[in-house]
Every structure is written in C-alpha cells, then in structure tokens.
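Here's the structure we're looking at; comments come further down.
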Amino acid sequence: MPVPKPTELTEEQVQLIAKALADPRRYEILKRISQCEGTMACETVRECLDISAPTLSHHMKELEVAGLVRARRSGKFISYQLRRDVLEFITVLHSQQLLSIRQSYLAEGAARVRPRHRGRSPYRRYPATALNILTGSLRAQLPVAAIGLILVIAIQPLVFLPLLWQGSLPSRGMALQAALPLIAYGGILVGSITLHELIHFWTARRLGVQLKSVYVGPGRIGITQLNAGSLKNEIVSTAGPAGTVLVMIALALLLPQLHLGYPFAGVAASMLCAAVAIVHLFGLTPWTSDGKQFWKLIGLR
C-alpha cells in the first residue's frame, strides 16, 4: 500500500509551528496532551502545570493557531486533542531542510534575552490632527516642565541669599514673585512650540500636502509629511519656525502697550517673547530638519 505523500507546509505554517514550540511551557503542554488518548480538559492541563487560567488560555491559543491541537467546546468547558499529524508536520520540516523546531527554539530564546528596547524609536506616532498636536505637545513638554520646576526651586536660595544671610526666611508670596518670570517664560515656550506645529499643520492643509503622522517623544514633537522633497513640503517645513518667530516678535511689540502687571510689566514681556523667538529662530538654521528645507527653499542649499 503506497504511503501518502506528506502535505507540504507553507512558510507561514512553519513559522507558526516554530513560534508555538519555541516556548518550553507550550512544548510541555503539548507533551501532556499527547499522552492522553482522547481529549484533555483545559482544567486538567492547568492542574498538571500549575499555571493561571489566563496564561494557559494564551498558550493554548498559540498551539491552536499553529494547528498543533484541536479545541472541542462543550458549553463553557473546553478540551483539547493533539493533532496526530503533528509528527507529519515535523517530518516535513526536516524534509524541506528548514529550521528544526529545536533550532527555532534556540533562535527565539536568544531573541528573548536581548534588550527589547534596542533599535526601537523613542517616539510614539499618532494620526496628524490638530487635537493630537495639542495633546502631544503637552505630553512632550512634561520633561521641560519638570526641569523648570527644579530650576524654580534651585534659584530660591540664590535670589534670597541676602535675606537668608540675615537669618530670615522669605514668605511664600516673595518666593512666588521670584519664580513668576521663569514660570511665565516656560508657559510662553510651551505655547509657542504648540503654535509652531499648528502652523505646520495649517499650512499643509492650505497647500494640500498630505501628513503621515504626529510623532511625540521626550521633549520633542513633530509632524511627518508624505512625498517629502517637493516645493510645497519645503514651504510647510519653513512655515512652522518662521511663522512662530513672526508671532513672537508681534507679541513683543504688542504686550507692552497693554500695560500688563508683573511679570509682564514694562519691557519684561518684550524680553520674554524675544527670548522665545530666538529659540525658534534656531529652527531655521541648516542644522535642523526645518532649517534644511528653508535653505533649499531660498536656493542656498
């Protein structure tokens, strides 16, 4: 009687089997089920291996997806049966001269002990919408806020050094008054960064430039454009820092006319806005991504 030819496995099936048997616990579960002539109840498997129900459910799902076991459901109860052609599957793996199950286990085991963060981007990406820019900007600037808080606390002894030298402590009101300029600068800076990205977004919408995503990381937020390299892309990239600088200069000229109170009284408001404008002016230098597009736009790169 001719022996039936084993069914050839697709590459996807091979990968699923290798992945399922790569975990020693799943391999042990498969051995336990193979020792049973019929089906083995899910509760019995769990008692044999002393693992939690959610963990067992995860492992059984991997084995079932790989085609190594069949699940039989009866109401709320589930039992599992080994697919007896699993031996045929392993035979086919060797006949096709692919990675053996043991080699696959070692390869995945080595991958598990490598640091998971290696090569992974520190940025998270979101759909390019105005709302994601607003929320992403707040998340990105949390480290800046933390540094600002540390600076506010650190400058207190320096500001009140003469008072401390006399053996007196400043009142809470005095401490707040000393910290207000730094708090104001931090607030304007965070607001200007959000404005910077919103100008990118608005300009892209006006010019019909497609945006891929908003990326957010510690202290940084940006927008990724599609089909980069065109004239419109260069305009969108330039608009962010250039537009923010113009807005900051306009505020530096306008705020003194409003006769605001401390810490914006007199020339203080102009100095704060000018300082923020200088920060964004660096965004037009050839060492930044927006700056490179700006220099290409004006034909100097």
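The values are calculated or read from the model by the stated rules, or taken from the named source; none is laboratory data. In this text the structure is predicted, and so the values were computed from the model without any measurement. As a convention, Cβ positions derive from the backbone with ideal geometry for all residues, glycine included, and neighbour counts pool all protein chains shown.
In region 29-47, the residues that are over 12 Å from Met60 (Cβ atoms) form Cβ pairs under 7 Å with partners that are among the basic types (Lys, Arg), at six or more places apart or across chains, as follows: Thr39/Arg72. What's the total number of residues in region 238-260 that are closer than 15 Å to Tyr185 by Cα and either loosely packed, with under 12 Cβ neighbours inside 10 Å or of a type in the set (Lys, Arg) (or both)? Matching residues across region 238-260 total 0. Per the conditions (1) under 26 Å from Val144 (Cβ atoms); (2) touching a strand residue (DSSP E or B) at 6+ places or on another chain (Cβ under 7 Å); (3) part of a helix (DSSP H, G or I), the sole criterion not satisfied by Ile199 is (2). Would you mention how many residues in region 184-203 are among the hydrophobic types (A, V, I, L, M, F, W, C) and in contact (Cβ under 8 Å) with a residue 60 or more places away in the chain? Total satisfying the criteria: 5. Being crowded, with 18+ Cβ neighbours inside 10 Å and either modelled with pLDDT of 85 or more or part of a loop (DSSP other than H, G, I, E, B) (or both) is a description that applies to Ile235. Residue selection: Pro218 fails the criterion of being in the same structural domain as Leu134 (by TED's automatic domain parsing), under 22 Å from Gly148 (Cα atoms) and more than 30 Å from the chain's Cα centre (by Cα).
Considering region 264-279, the residues that are surrounded by fewer than 17 Cβ atoms within 10 Å (Cβ to Cβ) and either assigned to a loop (DSSP other than H, G, I, E, B) or among the basic types (Lys, Arg) (or both) include one that is modelled with the highest pLDDT, namely Val267.
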